[in-house]
Every structure is written in C-alpha cells, then in structure tokens.
Number of protein chains: 6
Amino acid sequence: MEISARNVFEGKIENVELGAVMANVKIKIESPQLVTAIITKESVEKLNLKPGNTVSAVIKSTEVMVAK
Amino acid sequence: MEISARNVFEGKIENVELGAVMANVKIKIESPQLVTAIITKESVEKLNLKPGNTVSAVIKSTEVMVAK
Amino acid sequence: MEISARNVFEGKIENVELGAVMANVKIKIESPQLVTAIITKESVEKLNLKPGNTVSAVIKSTEVMVAK
Amino acid sequence: MEISARNVFEGKIENVELGAVMANVKIKIESPQLVTAIITKESVEKLNLKPGNTVSAVIKSTEVMVAK
Amino acid sequence: MEISARNVFEGKIENVELGAVMANVKIKIESPQLVTAIITKESVEKLNLKPGNTVSAVIKSTEVMVAK
Amino acid sequence: MEISARNVFEGKIENVELGAVMANVKIKIESPQLVTAIITKESVEKLNLKPGNTVSAVIKSTEVMVAK
C-alpha cells in the first residue's frame, strides 16, 4: 500500500508518553530527507523562496502520523 | 520568536514549482532530526508502538510550512 | 449556514471518551458517501490514480470535526 | 504497514481533476464506516455530545490522503 | 447546526482568487476574538506560556474553512 | 524569521489549561485581522463566495499554533 502523503520519514521510536486520550511519540529520523511543502504562491513571493535558500520546514506535531 | 510547532527541520530549498494559487517547495533536510507525533492512545495500542521500533513518520505535504 | 468543507458525513455517535483536554468521539456513518481528497498532482502521478481504482481515503482523527 | 490514522475508508475513485500543483480526487466510499474524531472536551460539553446523537463528521478536503 | 471547531470568526470577504483546483479567499475579521489553540503541554513549558503573555496565533491558510 | 503561514494574529493569553499531553490555550486577539483561507474552487462555486459577502472563517483548534 502506498499513500499520497509526500513526507514519509523512517526512524526509531525514542519515547512514547501516554495521556488519557492522546499520546506523544518521539521518532529519531535516521537520514537526510527531502520534505515537500505545499504553500501559497503568495508565501513563496513574500518570503522570496528560491532554490538554495536555507529555510526551515515547520510542522505542528498533531499533523504527524506514525506507520509501522 | 519561538513557535509551538514541535517539528522544525532546517534545510536547503531544492525546487519551487508555482501553480495558480499553490506552490510545491522541496526542502533537503540536512541532519538527523527528532520528530514529535501527537496521535491517539488507541493508535499506540493498535500498532503496539514502543521505544526502539522502526516506524515511519507520515506527514501530508499541505501541513508543512516554510520559515526563512 | 453552509461550510466550505467538502466532506460532511451524517451518522450516530457510538461512543464519547473524555480526557483532561481532548475527547475521542466515534461516529457510525449511515450511508455510502463521496469523499473529496485534495492531494498533489505529483501523488496522483506517483500512485497512478485513475477513476475506477480501489483506494482508501485516510484521515487523521485530529482533523475530524463534529457538527450537530 | 499499518498507519496511526484512525479513519481509513476503502472506496472507488470516481473522478480525478488535475490543477497545476494540486488535484481533486473523488472517492465513492462503499459501506458503513466508523469515524473517529478527536475534538476538545470543551466542544463535547458545548454541543452536549452523547452516544445516540445524530451528528455530522466534517473534514476539510485538504486533510484527506489517498492510499492505494 | 453547531460545529466543534472552537475558532469561528465572522467577517467580510475582501477578495477571491481562483486557481485550477484551489482558491484563495481573504476575509476581513470585524472584531476582537478569542482564539483557542490546542498544543502540547511540552510547548507550553518550552515557551513558558502564561496568562497575560503577548503571543501570536499562527494558522496555515490551508486549515481555514469558510462558512456562509 | 518569517513563516509561510498566512494567518498570524497577535494577542494576549487569557488562559492555559494543561492536560496530560495536550494543553488548551485561549488567546484574546487585539485588532481587526485579514484571514486567508485556501479552499477548493468547488466550494467557492457551491457557496457562491464573492467579495462583500458576510462569512465566517472556521478553524479547528488543533490547527492553531502559538508563537512568542
């Protein structure tokens, strides 16, 4: 089975912390990765994003799924 | 300024593809990273997630922001 | 009031589990439904998605809202 | 491979519409389904959600992934 | 119909820009608003968030729905 | 550092409620704001969205980050 999500990072679980309903899972990513970000053209222009720029990919942790 | 998002990956932009409204930005992440996933306790139990397991962190690309 | 969300499924609540801040609500959907997925053109090509294919729509439960 | 997403609906693709960067995929879901929604305890109380209530699960289409 | 989303801001549409599949809608919000953010306890501690702090609520525009 | 998220609202924290893993943060937004919503062209047509319409921007609270 392949999934449409463009960002799949293999790694090892470092920690699992359980709450009543939710859990916080820390995964150590093993190797360099290519991240795909779908953002507005407006943001590309406002931040003047170009190949070669040093940037950060920012992801809220509630958006991260785990596959095993 | 610090942001509450637990997943911030520094890297270099490899490619920017512009659509009419949206854009697809590819970022090459430079180094090993710790990813935080907030998932249900139910998923932790169904997948039997434990420290040391090899897993994948899966993220839909529309959830990835870019900071510069 | 109509909402821009393209995926609205009517059903009956089967269970509500309360945590300290979050809750897990299980809803039994009553009938066949048409799901709309907005994904990258890149994913459509990589997965070779075509009308008639059997696929799965995958949704993280933190993305599901409840309207009553 | 199993994924932590609690909502996986099997169905047939009815239509694929390509944009410059994004695509809109319509999937006909075949059978009754149980949907999991993670919402705030505050919303459960404000909407007075209880087992047996008729409600709608509402999902923005940019949150739906496709697995094949 | 009431929805579980805790952030509903009434305003006037200023602009609608159509792409092939997606659209960018600008809404002018009329009045002071209370925003609810569900974040990790870890972030609250790392950013030392306390009542009275001046902060920003940050929301990716693909997460914003429109109701009319 | 600038972020691609098009919706950044400055305000004061009114309340922080901690759960085991998650927290609920209420932020009082100080001034009128322009909100950007990225939705399908299909929704723009179905809701007949035009400049000048009174609408609501609806955002699930798990999508809101906090920056300080």
Whether any residue in the stretch F:44-63 is part of a loop (DSSP other than H, G, I, E, B), among the small types (Gly, Ala, Ser) and on the phi > 0 side of the Ramachandran plot is what I want to check.
yes
Please determine, by comparing only the residues of the stretch A:30-43 that are open to solvent by 10 Å² or more (accessible area, probe 1.4 Å) and facing chain B (nearest Cβ under 7 Å), which one is modelled with the lowest pLDDT.
A:32
Checked the stretch F:10-67 for anything of a type in the set (Lys, Arg) and within 16 Å of the chain's Cα centre (by Cα); matches are F:12, F:26, F:28, F:60
Pairs under 6 Å by beta carbon, first residue farther than 30 Å from residue C:7 by Cβ in the stretch E:45-67, partner among the basic types (Lys, Arg) and surrounded by fewer than 24 Cβ atoms within 10 Å (Cβ to Cβ), six or more apart or different chains?
E:47/F:68; E:54/F:12; E:55/F:68
Given the condition touching a helix residue (DSSP H, G or I) at 6+ places or on another chain (Cβ under 8 Å), part of a loop (DSSP other than H, G, I, E, B), open to solvent by 10 Å² or more (accessible area, probe 1.4 Å) and at pLDDT below 90, answer yes or no: does some residue in the stretch A:15-26 qualify?
yes
Against the condition open to solvent by 10 Å² or more (accessible area, probe 1.4 Å) and not charged (D, E, K, R), how does residue D:53 come out, does it pass?
yes
Does residue E:63 satisfy the condition of being out of contact with any Leu (no Cβ under 8 Å at 6 or more places or on another chain), farther than 16 Å from residue F:27 by Cα and open to solvent by 30 Å² or more (accessible area, probe 1.4 Å)?
no
State which residue pairs qualify: first residue under 24 Å from residue A:44 (Cβ atoms) and inside the stretch D:3-29, second residue among the hydroxyl-bearing types (Ser, Thr, Tyr) and outside any strand (DSSP E or B) in any location, beta carbons under 9 Å apart, and separation of 6 or more residues or different chains.
D:22/B:62; D:22/D:62; D:23/C:43; D:24/D:61
Determine whether residue B:51 is at the interface with another protein chain (Cβ under 7 Å from one of its Cβ atoms), more than 30 Å from residue D:18 (Cα to Cα) and at pLDDT below 90.
no
Residue C:6 fails exactly one of the following numbered conditions: (1) under 23 Å from residue D:23 (Cβ atoms); (2) more than 10 Å from chain F (Cβ to nearest Cβ); (3) open to solvent by 10 Å² or more (accessible area, probe 1.4 Å); (4) in contact with a helix residue (DSSP H, G or I) (Cβ under 7 Å, 6 or more places away or on another chain). What is the number of that condition?
(2)
Just one of the numbered conditions (1) part of a strand (DSSP E or B); (2) farther than 18 Å from residue D:4 by Cα is not true of residue B:37; which one?
(2)
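The values are calculated or read from the model by the stated rules, or taken from the named source; none is laboratory data. These numbers were taken from a predicted model, which means no experiment stands behind them. We place every Cβ from the backbone using ideal geometry, glycine too, and count neighbours over all the protein chains shown. For the accessible areas, the whole protein counts, side chains as well, though only heavy atoms, and no ligand, DNA or RNA atoms are used. Shrake-Rupley method; radii C 1.70, N 1.55, O 1.52, S 1.80 Å.
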